[in-house]
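The next block holds one structure in the form of structure tokens; read it before the comments.
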Amino acid sequence: MVPNTLFMGQQLFFLPVCESTNSEAQQLLLKNEATEGCVVLTDEQTHGRGQRGNSWEAAPGKNITLSVILSPVFLAVRHQFYLNMAVSLAVLDLLREQGLGQARVKWPNDLYFEDRKLGGILIENTVTSQFIQHSIVGIGLNVNQLHFGISTATSLAAEVGTQLDVKRLVNRLLELLEKRYLELRSGKIDKLKYEYLQALFRYQEEHGYQIGPEQVQGRIMGVDEDGRLALEVAGELRYFGFKEIAYLI
């Protein structure tokens with residue numbers, strides 16, 4: 001089964017087992033063997049990577065684990081978080097189609113349903129001068145796994161109450177990803193940013209956060225052009241990069 005797309009997933013490499021789909025995609029780029037939209041898909045990832053060195057583990061054959069190679073040469077390095085927005089919305093589109101209308105994007109790169117994690121995104125960019133040359137977009141999504149080592153994880157099947165066809169979901173994800181990527185490429189930045197903010201976990205709600213040794217109550221007010229989280233604390237707007245703030249859940 002091939003996705004109904006122009007280029008996303010039209011070139012596909014399936015590996016029953018690999019260390020990391022992002023690493024495999026990087027090798028394809030280095031060998032000049034990948035066209036834009038090339039997908040590396042696996043049933044089992046033994047050394048999956050999350051944001052800033054975190055690990056990503058998933059039960060073999062039960063979830064979506066893939067990487068997509070893109071060439072967003074139209075995107076300035078300082079605007080690279082817009083790609084994160086487009087990818088996050090594509091995964092969210094899939095979740096909503098499957099009945100999880102309350103799924104949210106937890107800044108910077110996680111997909112959540114209520115207070116539990118459904119999946120994650122890892123984007124690794126190669127830049128030249130002021131523009132992005134290549135992006136490797138890693139997506140991990142819990143689909144049919146029902147048992148996790150941590151209580152804060154969940155899956156589509158756990159939430160909707162039935163097992164799902166992983167291959168069909170992969171194809172649909174690639175179709176939705178192409179749609180969102182083409183919106184980005186055609187300059188629909190305002191549309192993507194608006195939808196991303198509306199889908200942002202805890203957006204404009206009062207919650208607790210850990211900032212260094214300090215615990216604060218704050219309200220997420222948005223994300224700036226550099227991808228920093230804007231948090232209102234005691235009437236003051238403060239900005240945080242990756243790993244500078246933690247959610248208290």
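The values are calculated or read from the model by the stated rules, or taken from the named source; none is laboratory data. From a predicted model like this one, the values you see are computed outputs, not experimental measurements. Methodologically, a virtual Cβ is constructed for each residue, glycine included, from the backbone with ideal geometry; neighbour enumeration extends over all protein chains shown. Keep in mind that these areas ignore ligands, DNA and RNA; they rest on the heavy atoms of the full protein, side chains included. Shrake-Rupley method; radii C 1.70, N 1.55, O 1.52, S 1.80 Å.
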Estimated 222 nm signal from helices in the chain, with DSSP H stretches of n ≥ 4 weighted -39500 (n - 2.57), rounded to 500: -8000 deg cm²/dmol
Accessible surface, per residue, of the chain when the full set of protein chains is kept, probe 1.4 Å, Å²: 47 Å²
Note the direction-averaged projected area, equal to a quarter of the hull surface, for the Cα convex hull of the chain, in nm². 13.3 nm²
So for the chain, if I pair up every lysine 8 or more residues apart or on another chain, how many of those pairs have alpha-carbons under 17 Å apart? 8
Alpha-carbon centroids, segment 207-249 and segment 99-148: separation in whole Å: 20 Å
Paired Rg and Dmax values of segment 205-247, which use every Cα atom, in angstrom: 9.5, 27
Amide H of Arg238 versus every other amide H placed in the peptide plane: which residues, excluding those fewer than 5 positions away on the same chain, fall under 5 Å? Leu231, Glu232, Val233
Hydrodynamic radius by Kirkwood for segment 70-158, inverse mean 1/r across distinct Cα pairs, in Å, is 13.9 Å
Send over the per residue convex hull volume for segment 111-249, Cα only, as a whole number of Å³. 153 Å³
Amide H of Trp107: which non-local residues (sequence gap of 5 or more, or other chain) have their own amide H closer than 5 Å, using H built in the peptide plane? Phe201
Pairs of Cα atoms under 8 Å, at least six residues apart: use those to get the relative contact order of segment 62-164, whole percent. 33 percent
What percent does the relative contact order of segment 205-247 come to when contacts are Cα pairs within less than 8 Å and at least six residues apart? 34 percent
At 1.4 Å probe size, what's the solvent-accessible area of Leu237? Round to the nearest 10 Å². 80 Å²
Length-normalised contact order of the chain in % [C-alpha pairs under 8 Å, at least 6 apart]: 18 percent
Counting only protein heavy atoms, what percent of the accessible surface of the chain is carbon or sulfur at a 1.4 Å probe? 48 percent
Label-point separation in nm, Gln217 to Tyr239, each point 7 Å along Cα→Cβ: 2.7 nm
